Amino acid sequence: MFLGEHRHTIDSKGRLTIPAKFRPSLAGGVVVTRGLDGCLLAFPPTQWETLTQKINSLPLTQRDARDFSRLMYSAAAFCEPDGQGRILLPPALREYAALDNETIIVGTHTRFEIWNPQRWEEVKRKLDENPEAIAEHLSNLGLGI
């Protein structure tokens, strides 16, 4: 389970140190791809497989399904942590998420997100503005707290 917010850096070779708490779940590697909000999404292989089954079940006749498939797969990279718990993020993914040196790694239970710190602060600010509206909307979808 991936939880919390963690500050880490990317070194000059493009390697990101994964939080120590996350490493046991990533012994089999991690799949990193573009996220939907300007961040990167990182999945352990089992969670990636679950997502790919859902994507592959979408109808090819629907443009949104094809576009989502392209978004997820075209930039996806399988990364294996080294002995120090670092993964090499491909340049295209670092560029997409505007990652240079500092990063924020955010646990979201079954996956984690890798953020540019300024982008993450903006997202957090928006979340903090009206959490009640988010909770109410999710309640209407069946997630009562």
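Each residue of the range 50-66 in turn: what ³J(HN,Hα) in whole Hz from Karplus with 6.51, -1.76, 1.60 and θ = phi - 60°, glycine and Pro shown as x?
Per-residue couplings from phi come out as 4, 5, 5, 4, 5, 5, 5, 8, 6, x, 5, 6, 9, 4, 4, 5, 5 Hz.
Please work out how much length the chain gains when fully extended from Lys13 to Ala77, using 0.36 nm per residue of separation minus the C-alpha to C-alpha distance, in nm with one decimal.
21.4 nm
By its C-alpha gyration tensor, with a ≥ b ≥ c as the square roots of the eigenvalues, how is the range 11-51 shaped: rounded for a/c under 1.5, else prolate for a/b larger than b/c, else oblate?
oblate
Rounded to the nearest 20 debye, what is the charge dipole size of the range 31-70 about its Cα centre when +1 sits on each Lys and Arg Cβ and -1 on each Asp and Glu Cβ?
Charge dipole of the range 31-70: 120 debye, to the nearest 20.
For the chain, just say rounded, prolate or oblate: build the C-alpha gyration tensor, square-root its eigenvalues into a ≥ b ≥ c, call rounded for a/c under 1.5, and beyond that prolate if a/b exceeds b/c, oblate if not.
In terms of gyration-tensor shape, oblate.
Relative contact order for the chain: what percent, with Cα pairs under 8 Å and sequence separation of 6 or more?
34 percent
Taking the Cα centre as origin and putting +1 on Lys and Arg beta-carbons and -1 on Asp and Glu beta-carbons, what dipole magnitude results for the chain, to the nearest 20 debye?
For the chain, the charge dipole is close to 420 debye.
Under 5 Å between amide H atoms, partner at least 5 residues away or on a different chain: which partners does Gly35 have, H built in plane at 1.01 Å?
Leu40, Leu41
What whole-number distance in Å separates the alpha-carbon centres of the range 7-31 and the range 86-145?
17 Å
State the extension gain, in nm to one decimal, for the chain segment bounded by Asp37 and Ile55, taking 0.36 nm per residue of separation less the distance between their alpha-carbons.
Working it through step by step, the gained length comes to 4.6 nm.
Dipole of the range 1-45 (Lys/Arg Cβ +1, Asp/Glu Cβ -1, origin at the Cα centre): which of Thr33, Leu16, His6 lies farthest to the positive side?
Going by the charge dipole, the pick is Leu16.
Every number here is computed from the coordinates shown, using simple stated rules; none is lab data. These numbers come from a predicted model, not from an experiment. Cβ coordinates were reconstructed from backbone atoms using ideal geometry, including for glycine residues, and neighbour counts include every protein chain displayed.
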